[in-house]
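Reviewing the structure listed below.
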Amino acid sequence: MSVDPYTFISDSLPADHRFLPPLANGLLGWRVYNNTMHMGGVYNGGQGQCHRADVPCPFAVTVETEEAGKDSYSLDANIGVFTRTLTSSSATISQSFYVHRHHANLMVMEIVVVRRHVTNEVAVTVKLDTSFVPQSKDIDFHNASEYRGGSHIQGRTHTAEFPEGPRPTVHLIWTPIPSTLTLPPGKCQDCWGFLLAVSDSLDVAESSFDEGLDLMATGCLRRSHENAWEELWLCSKVEVKGSEKLLKAVIGCMFYILSAFPSSNGPISSFSGVSPGGLSNGCEAQDYWGHVFWDQEIWIIPTVALFYPKLARVALEYRMRTIDGAKYNAQKQGYEGLKLAWESAVSGREMCPEDVYGQREIHINGDVVLAFRNYYYLTEDLSMFTDGQGSQLIWGVADYWLSRVTWSPDDQKYHLLSVMPPDEYYDNVNNSVYTNTVAKLSLQFAVELADFLQHPVPKEWQDVADNLQIPFDQECLYHPEFEGYTKGYPVKQADTVMLSYPLGLSMSPEVRRNDLEAYEIVTDPYGPAMTWTMFAIGWLELSEPEKAQRLLEKCYKNIQGPFQVWSESSDGSGAVNFLTGMGGFLQAVVFGYSGFRVQKDCLVFSPLLPQNLSELCIHGVSYLGHQLDWLFWKDEVCVTLRPQEGGGTNAKVCDLQVVLKASGTKLTLTPGMPVTFPREPGFVCKLELSSFCWPF
């Protein structure tokens, strides 16, 4: 019998409990059996101490029986449920947990006892051991009035992000958990459900608890959760044939990254972004304190936007809500416009414990704008820029660059001085090639957006974009990481190798190869997980899939234990459930093997599979309001445009075509009709576009 690759099974839990599976839904996050959990947007402490506030979790419960039994643990990524199954001679006991995918304020524990011998007249008693204490070092909790039989505590965090800033309130209402459960004599099985509602509002906590009780009474609580996950997987999937290890890794990455985002059907105004370790992690001085970095825009959002643009928009709207904080950061540094926080919480003010990163790792500004640009190119959704504050963010970043650059009359170029590049081994350098390139791109998009919205464009935006220094060594034909970098010096992580992808800087194959070869041999082998994925994409661009595969396989060392939880470093150290590494890994598979590149007027593809893969399936690519299902084989490609949901006269008229690079063949896409063609580069664009679209 074949094993479902979406179910991760083990007969034991990881010895290191950091690698227990996390469960989350964009608002609530919890690592199973842990006595603390987290809620999005609830931080405690000001700059230097700000971290996700620990919230006590009533579901820190283990099941015990008097009889010895056999344990089995499973995480079902199909439906987002973790289950422990204990089998003894008299009964099978299942304990399941899930953080509700649709009803974001709810967590659930279910316990089912099934008698193994129906004629047995002896009661089966299950003991519930708990480490739960209704207290927190971050929140002043006190008992509140019970609600519909549920226990209730409420409290506020100790310290706001900044003086006079808000201190979040947290309400917990939960079903009391007894010390034992008993299946009476003569009864074959029984089921007990336990509910937890968490909110910053008493009204929402109570209404969520009400809704949970009602759904539980009708047997619909778990079903509604499973339906929400099933809808996500029906929308989009990434699967490979030829490597079970790769398939499980891809599924695990997709599951955990989707868990970090809210349901697109629910309220999203309280969404507080995606941190490197997700909502389940981020305690004081751990997992980057639960802050939001460039990881969200550069490493995590690209794949999410390709499949679920509504979820990508939710993350970008979080950035728009931090504009006031970004304005404060710029003014504090003595500059104009907006300086997005290197480490952001809720306010958008800089929360980084060490000033050097917040002051100098300014590429975050360009990283965020790049995500906005790619979202727009994928969707042509202007509403975020006209109805929201998207345009103010883009233009505010442009104004920051204008005030931050220095003009040099000697070389007639603008320079960005005293910065820290993505490679954090170097500080206070001039003209980081990555920083300057992403600044140039963000200025270009600011001009483009202003033109489109008929907004006055300061001529300085284009001037700086055109004349910003991009370091290049004419003798060695490669990009030095920054002005004065000595070739061969060690680097921490992917930096310069990201110029071609994801930044899209035009360069010859020779220069691309030189960059890869120069930095691969000097990159820290214990650096962060996402690094090797960028090298892999580079070698795929150069049509060397086996070199790419060798580097991609290095990432497997970052997958810890049976539940596909990632660590930041290959030795298990660093941030836990490292979504950043997962995001990079997914990009290597989704963008690397397919060659997808998001351009202004088209979606480019240039597929290439390594020898061990016979098929790559990428279902649900979202482009200009349509969904495309792709199948890549060794020698052929098949793309199918999905029919619009609901069909009928209101369905969006399809206006997409595939254009092949070598032959110029144009293939109109018709909903529901697969189009198959030889494997070669090409692009998808609107029917009326005839100009050639290619990134290299």
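The values are calculated or read from the model by the stated rules, or taken from the named source; none is laboratory data. Bear in mind that the values here come from a model prediction, so they are computed numbers and not experimental data. Glycine also receives a Cβ, built like all others from the backbone with ideal geometry; neighbour counts cover every protein chain displayed. Each accessible area value is taken on the protein alone, full model and side chains, heavy atoms only, with ligands, DNA and RNA left out. Shrake-Rupley method; radii C 1.70, N 1.55, O 1.52, S 1.80 Å.
With (1) in contact (Cβ under 8 Å) with a residue 12 or more places away in the chain; (2) assigned to a loop (DSSP other than H, G, I, E, B) as the list, and T85 as the residue in question, which single condition is left unmet?
Going through (1) in contact (Cβ under 8 Å) with a residue 12 or more places away in the chain; (2) assigned to a loop (DSSP other than H, G, I, E, B) one by one, T85 breaks only (2).
Strands (runs of 3 or more DSSP E) wholly in the range 137-228 with at least 1 residues that are of a type in the set (V, I, T) and closer than 30 Å to N78 by Cβ - which ones?
Qualifying strands (runs of 3 or more DSSP E): 169-174, 189-199.
Please count how many residues of the range 193-215 are open to solvent by 60 Å² or more (accessible area, probe 1.4 Å) and among the hydrophobic types (A, V, I, L, M, F, W, C).
1
Out of the residues in the range 518-541 that are open to solvent by 30 Å² or more (accessible area, probe 1.4 Å) and in a loop (DSSP other than H, G, I, E, B), state the one that is modelled with the lowest pLDDT.
Filtering the range 518-541 for residues that are open to solvent by 30 Å² or more (accessible area, probe 1.4 Å) and in a loop (DSSP other than H, G, I, E, B), the one modelled with the lowest pLDDT comes out as Y526.
For the range 47-62, enumerate the residues that are out of contact with any helix residue (DSSP H, G or I) (no Cβ under 7 Å at 6 or more places or on another chain), of a type outside the set (D, E) and surrounded by 19 or more Cβ atoms within 10 Å (Cβ to Cβ).
Selection gives A53, V55, P56, C57, P58, F59, A60, V61.
Quick check: is even one residue across the range 302-309 of a type outside the set (G, A, S), on the phi < 0 side of the Ramachandran plot, in contact with a Ser or Thr (Cβ under 6 Å, 6 or more places away or on another chain) and open to solvent by 10 Å² or more (accessible area, probe 1.4 Å)?
Yes, because at least one residue in the range 302-309 is of a type outside the set (G, A, S), on the phi < 0 side of the Ramachandran plot, in contact with a Ser or Thr (Cβ under 6 Å, 6 or more places away or on another chain) and open to solvent by 10 Å² or more (accessible area, probe 1.4 Å).
Kindly provide the set of residues from the range 355-386 that are among the acidic types (D, E) and under 20 Å from the mean Cα position of the chain (by Cα), ordered by number.
D367
Answer yes or no: is there a residue in the range 334-355 that is in a helix (DSSP H, G or I) and open to solvent by less than 10 Å² (accessible area, probe 1.4 Å).
no
Going through the range 1-39 one residue at a time, which ones are more than 15 Å from G561 (Cβ to Cβ) and touching a helix residue (DSSP H, G or I) at 6+ places or on another chain (Cβ under 9 Å)?
Of everything in the range 1-39, those that are more than 15 Å from G561 (Cβ to Cβ) and touching a helix residue (DSSP H, G or I) at 6+ places or on another chain (Cβ under 9 Å) turn out to be V3, P5, Y6, L23, A24, N25, G26, G29, N34, H38.
Sort through V108, V124, V81 and tell me the only one that's touching a strand residue (DSSP E or B) at 6+ places or on another chain (Cβ under 8 Å), more than 17 Å from L221 (Cβ to Cβ) and crowded, with 19+ Cβ neighbours inside 10 Å.
That would be V124, the only listed residue that is touching a strand residue (DSSP E or B) at 6+ places or on another chain (Cβ under 8 Å), more than 17 Å from L221 (Cβ to Cβ) and crowded, with 19+ Cβ neighbours inside 10 Å.
Checking the structure you have, find out if any residue of the range 403-423 is in a helix (DSSP H, G or I), touching a residue at least 24 places away in the same chain (Cβ under 8 Å), closer than 15 Å to G366 by Cα and open to solvent by 30 Å² or more (accessible area, probe 1.4 Å).
Checked against the condition, which is being in a helix (DSSP H, G or I), touching a residue at least 24 places away in the same chain (Cβ under 8 Å), closer than 15 Å to G366 by Cα and open to solvent by 30 Å² or more (accessible area, probe 1.4 Å), the range 403-423 yields at least one hit.
In the range 31-39, is there at least one residue being modelled with pLDDT under 95 and either among the small types (G, A, S) or not in a loop (DSSP other than H, G, I, E, B) (or both)?
no
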